Amino acid sequence: MTSHASAEADGAGRHFTTTRWSLILSSLKGDSDKDKAGEALAQLCRIYWRPIFAFVCRKGHSIPDAQDLTQDFFLMVLKGDLLRQADRSRGRFRSLLLTALQNFLIDAFAKQSAQKRGGEMQFVSWDDWMAEAPSRLSIPAAVIEKWPAEKIFDVRWAATVAERALRRLGEECESHGRRRVFDALSGSLAADREDISYEALAQGLGVGTAAIKRLLHQMRLRYRQLLREEVAETIENPTDIDDELRYLCSALAAGRQS
């Protein structure tokens, strides 16, 4: 895992030049392949449906209406109109998507459409979305009622980033025959050292505590790298990655404390 992480780090500069978001921004200026940009945008929409859906629900829409609105929003985003109207100055897909969503919900068209929202076209079936692994982050209903929709959006966004990185780490461990190690240690990746029982983990895996500390350290390094990669896909300028990571970690901490 360590050598893998090093290889990824060595290629970080090349990775930044081919992110989905930079490709999309380039296409908005007419400097990139529209088909590739459309595919990249569709992938990002599929990844970040939970924050969109949660935001729409918090705005008072029923679950069926929120599903329809989420579908229609993504279809309009894919057409390009909403992103062109949003402010690109901050260069973060998260910020631009939230702005586009707010504008979309204000738009009378979204509320007065004569036909079923989304028309005859469906971005992706809800069965497909809901078949994905459930979110590990559960926000109590009482907390959701107190939080503004924007905060719920950010917490759900942060959870999506973290869960995608964790899923990728699990897949990597499984491909190296270390799924059992991942299952045992993944719950401790974000824990404080004083909250980790190294002895219990060692006993469960049948290794020494020194080995557990080494494995956990390696997994944390790779997990952080994967987090950076996920964030990089939604950032225009690589120098903004650390700021975005700090912001999302803060949002995720708020969700865990709820």
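The values are calculated or read from the model by the stated rules, or taken from the named source; none is laboratory data. Being a predicted model, the structure only gives us computed values, none of them experimental. Methodologically, a virtual Cβ is constructed for each residue, glycine included, from the backbone with ideal geometry; neighbour enumeration extends over all protein chains shown.
Check whether at least one residue in region 218-225 is of a type in the set (Ser, Thr, Tyr), surrounded by fewer than 17 Cβ atoms within 10 Å (Cβ to Cβ) and assigned to a helix (DSSP H, G or I), and report yes or no.
From region 218-225, those of a type in the set (Ser, Thr, Tyr) are 223; that's our starting set.
Next, only the ones that are surrounded by fewer than 17 Cβ atoms within 10 Å (Cβ to Cβ) stay: none.
No - not one qualifying residue is present in region 218-225.
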| request: Six or more apart or on different chains, Cβ under 8 Å: which pairs go from a residue in region 19-38 that's over 16 Å from GLY91 (Cβ atoms) and surrounded by fewer than 19 Cβ atoms within 10 Å (Cβ to Cβ) to one that's polar (S, T, N, Q) and at pLDDT 75 or above? Could you list them? | output: none
| message | I need the full set of residues from region 182-204 which are buried (at least 16 other Cβ atoms within 10 Å of the Cβ) and part of a helix (DSSP H, G or I), in order please. | response | PHE182, ALA184, LEU185, SER186, SER188, TYR198, LEU201, ALA202
| task | For residues that are part of a loop (DSSP other than H, G, I, E, B) and loosely packed, with under 12 Cβ neighbours inside 10 Å, tally how many sit in region 205-217. | result | 1
| said: Under 7 Å between Cβ atoms, which residue pairs at least 6 apart in sequence (or on different chains) link something in region 238-258 that is without any contact (Cβ under 8 Å) to a residue 24 or more places away in the chain with a partner that is of a type in the set (Val, Ile, Thr) and surrounded by 17 or more Cβ atoms within 10 Å (Cβ to Cβ)? | reply: ILE241/VAL231; ILE241/ILE235; LEU245/VAL231
